[in-house]
1. Per the Kirkwood definition applied to all pairs of different Cα atoms, how many angstroms is the hydrodynamic radius of the chain?
2. What is the magnitude of the charge dipole of the stretch 1-153 about its Cα centre, with +1 placed on the Cβ of each Lys and Arg, -1 on the Cβ of each Asp and Glu, and no other charges, expressed in debye to the nearest 20?
3. So, in nm, how far is label A59 from label W3 when the simple model puts each one 7 Å beyond its Cα toward the Cβ?
4. Set the Förster distance to 30 Å, then compute FRET efficiency between M128 and V77 from the Cβ-Cβ distance, nearest 0.05.
5. Within the chain, what is the longest stretch that has no trypsin sites (Lys or Arg not before Pro) placed in a DSSP loop and near at most 14 other beta-carbon atoms within 10 Å?
6. Compute the separation of the alpha-carbon centres of the stretch 144-164 and the stretch 102-137 and state it in Å as a whole number.
7. Sort the stretch 16-73 into rounded, prolate or oblate with this rule: let a ≥ b ≥ c be the square roots of the eigenvalues of the Cα gyration tensor; rounded if a/c is under 1.5, and if a/c is not under 1.5, prolate when a/b is larger than b/c, oblate otherwise.
8. Could you tell me whether the stretch 80-172 comes out rounded, prolate or oblate from its Cα gyration tensor? Rule is a ≥ b ≥ c as square roots of the eigenvalues, rounded for a/c under 1.5, then prolate if a/b exceeds b/c, otherwise oblate.
Amino acid sequence: MGWLCVALGVAFGSAIIPLISVEVFIVGLVASRPETHWLLLGAVVAIGQIAGKLLYYLAARGSIKLPAFLHDRLHRVRPPSARRERWHLRTKSLRAKIDGLRERCHRHPHWMTGTYGVSSLIGLPPFMATSVLAGLAQMRISTFLGAGLVGRWIRFSVLAASPALFAGWLHF
């Protein structure tokens, strides 16, 4: 039971700080503790991940306020510079694509649900980005939680079962 609490914490942390890999943790945990049930571990990690991504969703939706140091950093007016202008020119097409994607998500909420669901399952497009985009598109929180939990539960359950599956294949 203690390892499930640790898994919940690692999953929550990896949802907030993308440098933490919950996938590596899951494989290491089931390799060192094969008695851990893969479905239960998948559910615990899915709950931790969605709880962490919920913070990004709520911040993008405007339901929670960013800390002052982040808010000031995002909205401060900077003097123009040649370097910043070059950066804006290089990223102009990317910003246009993101704005177009956001607009399509507002016009077609079911499209956003499908994109978010696929992202929660396979990780493409990046799950953090679709979590933020879901908040910007004002996706219902029940849809966000439901689609995210199902996709993440399947993803992490399959990952947790994979070491035993491969071990069975190697002993033929």
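1. Details: mean 1/r = 0.0559 Å⁻¹.
Final number for the Kirkwood radius of the chain is 17.9 Å.
2. Working: 19 positive and 6 negative charges, 188 e Å.
Computed about the Cα centre, the dipole is about 900 debye.
3. In this crude spin-label approximation the distance works out to 3.2 nm.
4. Working: r = 27 Å, r/R0 = 0.92.
Working from the Cβ atoms, E equals 0.65.
5. On the way: sites that count: K65, R76, R140.
It runs 1-64.
6. Their Cα centres are 17 Å away from one another.
7. Details: a/c = 5.46, a/b = 2.47, b/c = 2.21.
Judged from the Cα gyration tensor, the stretch 16-73 comes out prolate (a/c at least 1.5, a/b above b/c).
8. On the way: a/c = 3.77, a/b = 1.73, b/c = 2.17.
Because a/c hits 1.5 or more and a/b fails to exceed b/c, the stretch 80-172 counts as oblate.
Values quoted throughout were computed directly from the atomic coordinates according to the rules given, and no laboratory measurement underlies them. This structure is a prediction, so every number in the text was calculated from the model and none was measured. Cβ: placed from backbone, ideal geometry, glycine included. Neighbour counts: every protein chain shown.
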